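The values are calculated or read from the model by the stated rules, or taken from the named source; none is laboratory data. Bear in mind the structure is a predicted one, so any value in this text is a computation, not a measurement. Cβ placement follows ideal geometry from the backbone for every residue including glycine, while neighbour counts extend to all protein chains displayed.
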Amino acid sequence: MPPYAGPPIASRSGDAASPLRLLAYLVLAITLIVLDDQAGWLARLRDQANVLVQPAWNLAGLPGRLGNQVRDNAASHGQLVAENRQLRNNLLIANARLTRLQTAALDNAQLRELLNVAERSGLDVQLAPILDIDLDPVKQRLVLAAGSREGVHVGQAVIDAGGLMGQVISVTASTSTVLLLTDPDHAVPVTVARNGVRLIVYGRGDTLELRDIPLGAGVEVGDEIVTSGLGGRFPVGFPVGSIAALRPDDTHAFLVGELKPAAALDRGRDVLLLRPGSPIRIPPPTPVATAARRQSTDADGQRPSLPTTPDDQRSSPTEAAAAPVAPSPARREPTGVRP
């Protein structure tokens, strides 16, 4: 094997030039840095290079930006859905509270009306809440959350702020059943407040009806109907309703009147029970009503005016009460519930 003669001459010359080139590049770089720092020679070149390289930078960062945007959109959508659900729940709760407050306000208003009626009329009454209603469309009855333990008894009159509602027909220890005026099995003796004509109100299932009204009774649409007190079931002068319409019956010998109830039979949560012996303060008739009644009576010719009697010939109230009374051919008035 020939002895090693060392690297080729060209290779040795290239190796010697490499440190020189590196040194030259280093000196050039330092010179450019100093000149750029002192005089800003490379600023324009650097700006142009940034303009050329900017599209490449944007393209390289596009996937990251798209990922961030998708993630932000997903988070925003989920947050909006959660907020929308929470707001919807809050709205439902607020509506429920508002409805409850409105119901409580209506109940308070009704209670105030009931108490005002009792105070103005001087009634001895008992407040009873409505527990249930009869679902039979023909029967008009209520079940009250008050029974014999609270002093409720059969036959007790039931009223509200508007007028008469009905009467108690059955009682248990804790509940009682009320027969409303509109029940077909109910009848009430009444009078026309304007002229005192006695009539009878019958229930029709959903309305009230006046039957057998004499053609010459002078009854008109809009007349107020009140209880007459006959039969002793209901107090005298309590509002029953007002006449809404009049029509002749099948025989055309009498009139039939449709009555609008004074009481709110289909509304309310509480009623008043009249205790026995509850007096009602009835205001005295006005001069206009008295004159109208007198004119109606004179026009019908049913009650001729009585001659005046000297003071010495007038009987005292005691003598008049003791005097015999001729039997009246008039029919017996109903006491409330038809047999």
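Annotations
- Any hit, the stretch 139-153, residues being among the aliphatic types (A, V, I, L, M) and either in a helix (DSSP H, G or I) or at pLDDT below 85 (or both): no
- Exclusive hit being crowded, with 16+ Cβ neighbours inside 10 Å, in contact with a helix residue (DSSP H, G or I) (Cβ under 6 Å, 6 or more places away or on another chain) and more than 16 Å from Arg267 (Cα to Cα), set Val152, Val171: Val171
- Checking Leu115, Leu111, Leu59, Leu45 one by one, the residue that is in a helix (DSSP H, G or I) and modelled with pLDDT of 75 or more is Leu59 and no other.
- Filtered residue count, the stretch 160-194, keeping only those that are modelled with pLDDT under 90 and in a strand (DSSP E or B): 0
- Look at the stretch 94-117: where a residue is surrounded by 11 or more Cβ atoms within 10 Å (Cβ to Cβ), no partner that is in a helix (DSSP H, G or I) and at pLDDT 75 or above sits 6+ places away or on another chain with Cβ atoms under 6 Å.
- Per-region count, the stretch 238-255, residues assigned to a loop (DSSP other than H, G, I, E, B) and within 28 Å of Lys139 (Cβ to Cβ): 3
- Filter result for Gly241 (modelled with pLDDT of 90 or more and in the same structural domain as Arg267 (by TED's automatic domain parsing)): yes
- Counted residues, the stretch 206-218 - those being outside any strand (DSSP E or B) and within 12 Å of Glu258 (Cα to Cα): 2
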